[in-house]
Amino acid sequence: MKRYLVFALCVLVAYLVILGPFTRSMAQKPYAVKLGMIPHPTVLQLLFPDYQQLLGANILGRIILYYGTITDDEADPGKVQLSADYPAMSRAVHAALRLDPYNMDGYYFGQSILVWDVGQYQLATELLEYGMLYRTWDWQLPFFAGFNYAYFLGDKDKAAQMYMRAGELSGATLFKSLAGRYLQEAGETQMAIDYLQTLEKSARAPAVKQTLQVRIETFKAVLAIEKARDRYVEEQGRLPGKIDVLLKEGYLETRPIDLYGGDFYLEDNGQVRTTSKFAFAPPRRSAVDEFPAPSSDK
């Protein structure tokens, strides 16, 4: 215990020794670059074990203030506007969340800035997955991660996993529907069917149950095409190219129906797709709807 206190005291003295010159140096720099030096989170955890949440919030506050000053051109025309030090901001966000992994502000900031301003999709997603280890009840983290995987990283399988988790935590039908869709797009149609059937059995609202049934039946149609395609490839040594080929050569007895009203087709790589994208088209408005007849009331 005494050895630990001596070590902690030495670290604190060293930190205070360099703090003075560093503060004077920072005071001479333009305001926009004053993100400042942030000690390693392990050091802060050792020195201030009872104040980790406060320190984490303080670091995040400094990051947000820093970012605000370099992006607010009208606040003070006299300020020197410089490009953001994104690597330093990223390190600071990680340090803050190491101190307090429950602070949602860090994940919001990482998703907003690291993803959209910097293009660090993988880094931001890893930050979200780190948060999931602690904020186990929060559906927003897997929802954000699912979006990153689907939209930026092109990993349909991981997107499906994240949307499944978001759906389980929130109970939202939309996330569950997205999970099934991305499972199918990842080539896991049978898994998507099994997943949706489990949801359908536990659904209580008739409208939700019907929605899931439509998607299940449509995915079964997709699975029938996939099995026919695979048999064709195994016997013919090449992709069929079109669903019509599977019908003409007897690999499919009838043309599978998309209950969403679209038409199934094969992409160049053999993946089964549909023009409906597994969603009902919005009802078309007639001319009468758009231009209603004038009222006869006088």
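The values are calculated or read from the model by the stated rules, or taken from the named source; none is laboratory data. For clarity, every value in this text was computed on a predicted model and none was experimentally measured. Glycine gets a Cβ as well: all are built from the backbone with ideal geometry, and neighbour counts include every protein chain shown.
Determine which single condition ASP157 fails, assuming it passes every other condition in (1) in contact with a helix residue (DSSP H, G or I) (Cβ under 9 Å, 6 or more places away or on another chain); (2) on the phi > 0 side of the Ramachandran plot.
Of everything listed in (1) in contact with a helix residue (DSSP H, G or I) (Cβ under 9 Å, 6 or more places away or on another chain); (2) on the phi > 0 side of the Ramachandran plot, ASP157 misses just condition (2).
So that you can scan it fast, the table gives a plain yes or no per residue for (1) under 24 Å from LYS156 (Cα atoms); (2) modelled with pLDDT of 95 or more:
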| site | (1), (2) |
| --- | --- |
| GLU200 | yes, no |
| ALA203 | no, no |
| GLN210 | no, no |
| ARG229 | yes, yes |
| ARG238 | no, no |
| THR254 | no, no |
| PHE280 | yes, no |
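Which residue pairs have Cβ atoms closer than 6 Å, lie 6 or more positions apart in sequence or on different chains, and pair a first residue in segment 54-67 that is within 13 Å of PHE109 (Cα to Cα) with a second residue that is of a type in the set (D, E, K, R)?
LEU60/ASP105
So, in segment 236-266, exactly how many residues are on the phi > 0 side of the Ramachandran plot and touching a Leu at 6+ places or on another chain (Cβ under 8 Å)? Before the answer, list the steps.
From segment 236-266, those on the phi > 0 side of the Ramachandran plot are 237, 241, 250, 261; that's our starting set.
Subset that is touching a Leu at 6+ places or on another chain (Cβ under 8 Å): 241.
Residues flagged as on the phi > 0 side of the Ramachandran plot and touching a Leu at 6+ places or on another chain (Cβ under 8 Å) within segment 236-266 amount to 1.
Kindly state which helices (runs of 4 or more DSSP H) lie completely within segment 95-168 and contain at least 1 residues that are within 20 Å of LEU60 (Cα to Cα) and touching a Pro at 6+ places or on another chain (Cβ under 8 Å). So that I can check it myself, show each step before the final result.
On the way: elements: 104-109, 121-132, 140-147.
Per the criteria, 121-132.
If you go through segment 156-174, how many residues are at pLDDT 80 or above, among the hydrophobic types (A, V, I, L, M, F, W, C) and surrounded by fewer than 22 Cβ atoms within 10 Å (Cβ to Cβ)?
3
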